[in-house]
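Following: one structure in structure tokens, then a few remarks.
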Amino acid sequence: MNVAEAIKLINIKHLDKLYIGGAWVEPSSEGKIDVVSPVTEEVIFSVAEAREPDMDRAVAAARQAFDKGPWPRLTHAERADWMLKLGEALKARNDELGHAWTNQIGALHAVTRTSGVNAAATFGRYAAMAHTFEWEEPHSPGDGHGRAMIVREPVGVCAAVVPWNSPLGLACGKLAPGFLAGCTFVLKSSPETPLDAYILAECAESIGLPAGVLNVVCAHRPASEHLIRNPGIDKVAFTGSSAAGRRIASILGERMARYTMELGGKSAAIVLDDYGTDEAVASLTGSLCRLSGQVCAALTRVIVPRARHDDFVDSFTAAMAKVRPGDPYDPASSYGPLAMERQLERVQGYIAKGKEEGATLVYGGGRPAGLNRGFYFEPTLFANVDNGMTIAQEEIFGPVISLIPCDGEEDAIRIANDTVYGLNGAVLTHDNQRAYDVARQIRAGNVSQGRMRIDFSIAFGGFKQSGVGREGGRDGLLPYLEPKTLMLD
């Protein structure tokens with residue numbers, strides 16, 4: 001299969017409309033948002049652009065569904081049944097969802113082909129919690145009189161604002177716990193990747209999800225900020241850059257609205273002295289290829305003992321020479337293009353900055369030979385990187401690794417923590433106790449042993465400027481609930 005053939009398999013009926021109040025409605029303007037293929041650099045779809053009046057209409061529909069509709073008044077088990085139906089509808093469109101993801105950001109189809117199945121699993125995990133979560137917690141009153149309990153009620157109307165790199169998965173990670181809690185949603189897709197949200201809306205329509213529970217819009221920044229400012233929004237769930245997160249938090253702080261945020265990262269992999277060089281490089285190079293390095297949790301700072309630095313340079317060079325960027329439908333490709341032209345320009349800018357500040361460009365740093373069309377970029381290694389350099393402090397969001405020498409374990413931990421971010425990390429060692437001991441000293445929300453691992457079935461999120469709150473598991477459900485203390489006779 002090739003890109004042109006795959007695009008023909010994406011069958012979305014209402015790209016010229018918005019999904020609001022359980023119906024496909026005309027937008028307030030004739031504005032369109034083009035979806036550009038990162039493989040061909042051509043426009044492959046256009047969708048309706050939501051403007052400020054459309055945002056207000058979507059919030060009003062979600063508000064009506066929450067304040068007066070049946071959704072928050074159903075039992076948790078009843079809402080779980082709806083979630084399972086939605087999951088089945090997504091599974092039925094699994095192939096389309098996989099092709100949509102690949103053709104919007106260039107991700108390997110080998111990665112995206114289970115997109116709908118994975119989304120259904122997210123809804124399934126939370127649906128199961130309807131029967132296991134403690135929705136009412138009994139307590140003994142401090143004054144010894146009567147009885148007390150904490151009940152957990154839905155936070156209200158939520159705006160789910162999702163990025164372009166994993167649009168369906170990150171949307172479902174917000175919708176699933178919120179639906180279980182009893183919340184209603186306005187889902188604002190990224191203008192680069194609206195197709196997944198449209199298919200999700202068509203799935204909601206197909207199962208008869210109560211009107212206003214899910215509203216889907218696609219917009220640029222001005223209308224998106226208007227959505228955030230709308231007083232009818234009780235909570236915002238946002239995944240994206242730390243800069244955008246700070247902006248959203250400042251707006252919501254004006255009215256004490258709730259929010260959870262999963263933001264940027266500059267995650268470190270600490271290689272301890274017992275871990276083999278080639279073994280470490282194989283793991284880290286594989287992680288580099290995930291979504292072409294466009295992953296917030298990517299292990300982009302590799303901290304190695306100074307005496308082994310040059311060995312790592314040689315091993316990375318050999319490993320990267322075997323990495324093949326290419327057509328996302330070609331089984332021989334290691335990864336596809338970057339998602340968009342501005343992302344390619346961003347990565348190129350950081351390459352120039354790294355060289356300017358004195359890092360050694362060992363491998364890559366440009367377009368792969370023979371790939372002059374599409375937003376492709378070579379796997380890239382900088383060596384002799386000082387942790388204070390821009391390429392070690394700012395999120396590049398591309399297939400670029402900074403190799404940083406350290407002087408012992410304590411120094412490695414210091415370097416790992418010397419960042420405004422704190423999303424992810426890894427300790428490469430075969431000693432389980434050392435992995436635990438070092439991991440406990442890394443200021444990050446997720447730390448794994450031996451390789452990059454993240455698990456949205458447990459909890460995912462960051463310290464410092466990498467976010468507020470968690471997504472996944474019980475910790476991902478709590479932000480959609482308001483605890484209420486009842487004191488009863």
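The values are calculated or read from the model by the stated rules, or taken from the named source; none is laboratory data. Since we're looking at a predicted model, the values are computed, not measured. Neighbour counts are summed over all protein chains in view; Cβ atoms, including those assigned to glycine, are modelled from backbone coordinates with ideal geometry. The protein model used for the area step is the full one, side chains on, heavy atoms only, and it has no ligands, DNA or RNA in it. Shrake-Rupley method; radii C 1.70, N 1.55, O 1.52, S 1.80 Å.
Along the Cα→Cβ direction, 7 angstrom out, place labels at Glu345 and Asp56. What is the inter-label distance in nm?
3.4 nm
Would you mind giving the average projected area, over all directions, of the Cα convex hull of region 221-314 in nm² with one decimal?
Mean projected area of the Cα convex hull: 8.3 nm².
Using alpha-carbon pairs under 8 Å, 6+ residues apart, how would you state the relative contact order of the chain in percent?
It comes to 18 percent, rounded to a whole number.
For region 106-221, take the alpha-carbon Rg, divide it by the Kirkwood Rh, and send me Rg/Rh.
Result: Rg/Rh = 1.11.
Hey, got the dipole for region 417-489? About the Cα centre, +1 on K and R Cβ, -1 on D and E Cβ, debye to the nearest 20?
That gives a dipole near 200 debye.
Which of Ser457, Ala369, Ile401 sits closest to the plus end of the dipole of region 326-478, meaning its Cα is farthest towards the positive end, when Lys and Arg get +1 and Asp and Glu get -1 on the C-beta?
Ser457
Could you pull the Rg and Dmax for the chain, using just the Cα atoms, both in Å?
23.2, 78
What residues qualify as long-range amide H neighbours of Leu299, i.e. H under 5 Å apart, gap of 5 or more or another chain, H built at 1.01 Å from N?
Counting only residues 5 or more places away or on other chains, the set is empty.
Just going by the charge dipole of region 429-476, with Lys and Arg at +1 and Asp and Glu at -1 on Cβ, which of Ser466, Ser448, Thr429 is farthest out on the positive end?
Ser466
Peptides 456-469, 354-367: what's the order by average Cβ count within 10 Å, highest mean first?
Final packing ranking: 456-469, 354-367.
State, as an integer percentage, the relative contact order of region 1-100 based on alpha-carbon contacts under 8 Å between residues 6 or more apart.
It comes to 27 percent, rounded to a whole number.
Take every Cα pair under 8 Å in region 344-459 that's 6+ residues apart, average their separations, divide by the length, and report that relative contact order as a whole percent.
18 percent
I need the fraction of alpha carbon pairs in region 273-322 separated by more than 12 Å, rounded to a whole percent.
Percent of Cα pairs beyond 12 Å in region 273-322: 64.
Report, ordered by chain and residue number, the aspartates and glutamates lying within cross-link reach of Lys464, taken as a straight Cα distance under 16 Å and ignoring same-chain residues fewer than 8 apart.
Hits, sequence-local ones excluded: Glu262, Glu394, Glu395, Asp418.
Please give the charge dipole size of the chain, origin at the Cα centre, charges +1 on K and R Cβ atoms and -1 on D and E Cβ atoms. Round to the nearest 20 debye.
700 debye
Enter the per residue convex hull volume of region 29-153, computed from alpha-carbon coordinates, in Å³ rounded to the nearest integer.
About 184 Å³ per residue, rounded to a whole number.
Give the distance, in whole Å, between the Cα centre of region 121-192 and the Cα centre of region 420-489.
18 Å
Can you run phi through the Karplus equation (6.51, -1.76, 1.60; θ = phi - 60°) for region 119-135 and list ³J(HN,Hα) in whole Hz, with x for Gly and Pro?
Taking θ as phi minus 60°, the curve returns 5, 4, 5, 4, 5, x, 4, 6, 4, 5, 5, 4, 9, 10, 6, 8, 6 Hz for region 119-135.
Using the Cα atoms of region 311-367, I'd like the radius of gyration and the largest Cα-Cα distance, Dmax, both in angstrom.
Considering region 311-367 through its Cα atoms, Rg and Dmax are 13.3, 38 Å.
Suppose the chain between Lys8 and Lys68 were pulled fully straight at 0.36 nm per residue; how much longer would it get relative to their current alpha carbon spacing?
Full extension of this stretch gives 17.5 nm more.
Residue by residue through region 214-221, what is 3J(HN,Hα) from phi via Karplus (6.51 cos²θ - 1.76 cosθ + 1.60, θ = phi - 60°)? Round to whole Hz and write x for glycine and proline.
10, 10, 10, 9, 10, 7, 8, 4
Near Lys17, which aspartates and glutamates are there with a Cα under 17 Å away, not counting those fewer than 8 places off in the same chain?
Here the aspartates and glutamates satisfying the reach criterion relative to Lys17 are Glu26, Glu30, Asp34, Glu49, Glu52, Asp54, Asp56, Glu192, Asp196, Glu202, Glu205.
Show that you can apply the helix-only estimate: for the chain, add -39,500 (n - 2.57) for every DSSP H stretch of four or more residues, divide by all residues, and state [θ] at 222 nm to the nearest 500.
Value at 222 nm, helices only: -11500 deg cm²/dmol.
Working out 0.36 nm times the residue gap between Lys484 and Glu356, then minus their Cα-Cα distance, what length gain in nm do you get to one decimal?
Extra length available between Lys484 and Glu356 comes to 40.5 nm.
What net charge do the residues around Phe123 carry, taking every other residue with its C-beta under 13 Å from that of Phe123, with Lys and Arg at +1 and Asp and Glu at -1?
Residues near Phe123 contribute +3 overall.
Based only on the alpha carbon positions, what is the Kirkwood hydrodynamic radius of region 89-134, in angstrom?
11.3 Å
Could you tell me what percent of the accessible area of region 26-124 is made up of carbon and sulfur, with a 1.4 Å probe and every protein chain present?
With neighbouring chains kept in place, the figure for region 26-124 is 51 percent.
Magnitude of the Cβ-charge dipole of region 311-366, K/R +1 and D/E -1, about the Cα centre, nearest 20 debye?
Taking the Cα centre of region 311-366 as origin, the dipole is about 80 debye.
Please report the antiparallel percentage of DSSP beta bridges with both residues in the chain, rounded to the nearest 5.
40 percent
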